[in-house]
1. Please list, by residue number, every one of the trypsin sites (Lys or Arg not before Pro) in region 42-82 that is coil in DSSP and has at most 16 other beta-carbon atoms within 10 Å.
2. If I model region 10-89 as equal point scatterers sitting on the Cα atoms and use the Debye formula, what is log10 I(q)/I(0) at q = 0.12, 0.14, 0.22 Å⁻¹?
3. Whole-Hz ³J(HN,Hα) for each residue in region 78-88, computed from phi via Karplus 6.51 cos²θ - 1.76 cosθ + 1.60 with θ = phi - 60°, x for glycine and proline: what do you get?
4. Working out 0.36 nm times the residue gap between Glu32 and Glu92, then minus their Cα-Cα distance, what length gain in nm do you get to one decimal?
5. So what are the ³J(HN,Hα) numbers for region 29-41, from phi and the Karplus equation (6.51, -1.76, 1.60; θ = phi - 60°), rounded to whole Hz, Gly and Pro as x?
6. Collect residues whose amide H, placed 1.01 Å from N in the peptide plane, falls under 5 Å from the amide H of Arg50; neighbours closer than 5 in sequence don't count.
Amino acid sequence: MFRLRFLSPRPRLGNKGRASDYQLLGHALAHEIGHLLLGPNSHSRTGIMRAHWNHDEIKRIARAQLLFTDQQAQRIRKEVSARDASQRLQLEEPPDVKF
């Protein structure tokens, strides 16, 4: 189970990086989707999957520069492709109908 712990630290951070609430929420959602695709222990030292964002990350969010690492992006693409292929395979298989 994943939970979004975005709203509680918001007042502490303020808006020093000039990131809008929409930008912060969007990045928080991308972070949580990252957990769904990368696994529960997928925090990193840098980037959008960092466990706790500080003022530097907020500034990067404001500039649309807080991203997944190259390795994370590659793993996400691989996971999405695998899920897509699995879904297509399920759709292509005829149902097991017995008369």
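1. Sites meeting the loop and neighbour criteria: Arg45, Arg63.
2. -0.38, -0.49, -0.98
3. Per residue, the Karplus-derived 3J(HN,Hα) values read 5, 5, 5, 4, 5, 5, 5, 5, 4, 5, 5 Hz.
4. Here the segment from Glu32 to Glu92 would lengthen by 18.5 nm.
5. Coupling constants for region 29-41: 5, 4, 4, 5, 5, x, 4, 5, 8, 9, x, x, 9 Hz.
6. Residues meeting the criterion, in which the H sits 1.01 Å from N, are Ser44.
Since every read-out is calculated from the coordinates, none of them should be taken as a lab result. Everything numeric here is computed off the predicted structure, so don't read it as measured data. As a convention, Cβ positions derive from the backbone with ideal geometry for all residues, glycine included, and neighbour counts pool all protein chains shown.
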